[in-house]
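What follows is one structure encoded as structure tokens, with my remarks underneath.
Values quoted throughout were computed directly from the atomic coordinates according to the rules given, and no laboratory measurement underlies them. Only a predicted model underlies this, so the values are computations on that prediction, with no experimental measurement involved. We place every Cβ from the backbone using ideal geometry, glycine too, and count neighbours over all the protein chains shown.
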Amino acid sequence: MELVIDGIENLIYIYEEVFWLKECLTALQSLVVFLLVWWIVRFDYGLAFLLYLSTFIGVACIFFGDIGYWSDNDVLKLIAPTSLFLLLYNKNQNKDALLLIILIPYFVTSYEFYRSFSTVIESLASHALIIFSIIVAKRNMYISLFISVVIGILINLIGNNYPPGTNDVLINPALITLIVKGLEFYTKNNKYADFLKSFWITLSCFAFFGSWIFHYIKPICPLYSHH
């Protein structure tokens, strides 16, 4: 047991002190998750495998986030490529179940709404504002892209300046996607599907490149410092 604890402490040290190695390890973990999902979808191994995988990721996010091994931005790296792949794979809008099976268990296991009553209110308010902006901007590609960029920046900033889980409470990409998918189903408007594709493309870019960018501007931007 002591060896396990020492191993975890060493990994946390790597994640806190050796930036480039931390990013490479996280990217490798993201690649493994993506390949597992691709393998399951490509060879039609059944939805149950996706359900188990997404639930495992959600539980792992809570555990490794609490001990400081994964930040909110690291978690985004794990789900962004997979979510984008499932959105692009969904050519005829007949594979929504795959995306929902990935995002719902992850959302349920990682969304810490139970922190306090004020946290619930803040979460509802922030997501209501985001969804309202999406509804208004969905017809304009440039405004939609601007909203996605703002969300990407906020995810990076909040993830590196506040306690683990704050990011997912205030700006939860899985919850946003599920709500927008619900709007798409209710309104029969494919503009929402187009928005989600640009949304996850932008988040994928911020997930992998934003960490590097903000890391190197940290010396001249003291507000951006890892919690």
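Maximal additional length on extending the Asn161-Gln29 stretch stands at 45.2 nm, based on 0.36 nm per residue less the C-alpha distance. Exposure proxy for Trp200, Trp20: other Cβ atoms within 10 Å of each Cβ, ordered fewest to most, give Trp20, Trp200.
Between the amide H of Tyr162 and those of His227, distances stay under 5 Å, these residues lying 5 or more places away or on another chain, with hydrogens modeled in the peptide plane. Here the extension length gained between Thr55 and Leu21 equals 9.6 nm, from 0.36 nm per residue of separation less the Cα-Cα distance.
Per-residue 3J(HN,Hα) values for the stretch 84-89, derived from phi via the Karplus relation 6.51 cos²θ - 1.76 cosθ + 1.60 with θ = phi - 60°, read 5, 4, 5, 5, 6, 5 Hz in sequence order (x marks Gly and Pro). Residues Phe63, Phe19, Phe85, Phe206 in ascending order of nearby Cβ atoms (within 10 Å, fewest first): Phe63, Phe19, Phe85, Phe206. Spin-label model, Val149/Ser198: points 7 Å from Cα along the beta carbon direction are separated by 1.1 nm.
Along the stretch 101-109 the Karplus relation, 6.51 cos²θ - 1.76 cosθ + 1.60 evaluated at θ = phi - 60°, assigns HN-Hα couplings of 5, 6, 7, 5, x, 4, 5, 4, 7 Hz to successive residues, with x for each Gly and Pro.
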